[in-house]
1. Inspect the range 190-203 for any residue being closer than 17 Å to Asn121 by Cα and at pLDDT below 95 and give the result as yes or no.
2. For the range 133-154, give me each residue that is under 18 Å from Ser208 (Cβ atoms) and at pLDDT 90 or above.
3. In the range 215-228, is there at least one residue being out of contact with any Gly (no Cβ under 7 Å at 6 or more places or on another chain), modelled with pLDDT of 75 or more and in a loop (DSSP other than H, G, I, E, B)?
4. Give the residue, chosen from Gly65, Gly73, Gly83, Gly59, that is more than 18 Å from Asp201 (Cα to Cα), surrounded by fewer than 19 Cβ atoms within 10 Å (Cβ to Cβ) and touching a helix residue (DSSP H, G or I) at 6+ places or on another chain (Cβ under 6 Å).
5. Looking only at residues that are assigned to a strand (DSSP E or B) and at pLDDT 95 or above in the range 41-63, which one is nearest to Thr133 (Cα to Cα)?
Amino acid sequence: MKKNLLTILTALVALAIVAAIVIGVFLDRIVKKGIEIYGPRLTQVPVTVDAVHLSLLTGSASVKGLVVGNPTGFKTPQAIAIGTAAASVNPLTVFSPKIVIRSIRLESPHITFEGGLLGGNNLSKILDNVNSTGTNPGPLSTNAVAQPKAEKRYEVDDLMITGAKVQVCLTDLRGQEMTLPLPTIHLTALGEGDEGITAADLTRSVLSAITTSTIKAVAGEATQLGNSANTLKQAGQKAGSQIGNAIGSLFQK
């Protein structure tokens, strides 16, 4: 009797593991498709990804080859390219109304800054697009299986961007080109509480941090190249207000 019970339990565990693996394979495809449909609707620029891998057993997730394109009118082919993004997710929340993401790590992203410090640059334009789109850019697909629920919310306990480099083409300095390192960007406690935040809120917060850090780095370098003090002061003020407004909106939700 005990032997039969043990055999049944072992079979059930094996089936559960197989089911988790199969579901994970389908989720990989669904999330990849979701990024490539939802991303462009939110940012109004092309968004592509090479591969997505989710493990329900370990709560780990990774995205490889994420590329955010540039708005129309800019010459450089892309705004942000991320080789690998890794996340740790509470697996018990994957199918709940609010997904809890313990950590997100973006390592060595390549960022392109094209345009001017006071406006007309590609990063600020993308951020403006996200802000104008709102919190819900609409359904991802007519496929009910692939379409996430509109009310899906998120919590991100810890988000870190390290080793970022910015390729700069600065029109304020007659097309001066340079490559600059960015300091580590660290965001915490995004979406804490019962309500959480939407995917649009999360995207807005990350883009705001990247845009602000980039503008500050470019402005600092431009000082060394002889840009006017007045222009730099205005650029710094605008950079600070961008992330302040975006993060402020999160706490008002």
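1. Scanning the range 190-203, I find no residue that is closer than 17 Å to Asn121 by Cα and at pLDDT below 95, so the answer is no.
2. Across the range 133-154, the qualifying residue is only Tyr154.
3. No, because not a single residue in the range 215-228 is out of contact with any Gly (no Cβ under 7 Å at 6 or more places or on another chain), modelled with pLDDT of 75 or more and in a loop (DSSP other than H, G, I, E, B).
4. Gly59
5. Val47
The values are calculated or read from the model by the stated rules, or taken from the named source; none is laboratory data. Please read all numbers here as calculations on a predicted model, not as lab measurements. Neighbour counts are summed over all protein chains in view; Cβ atoms, including those assigned to glycine, are modelled from backbone coordinates with ideal geometry.
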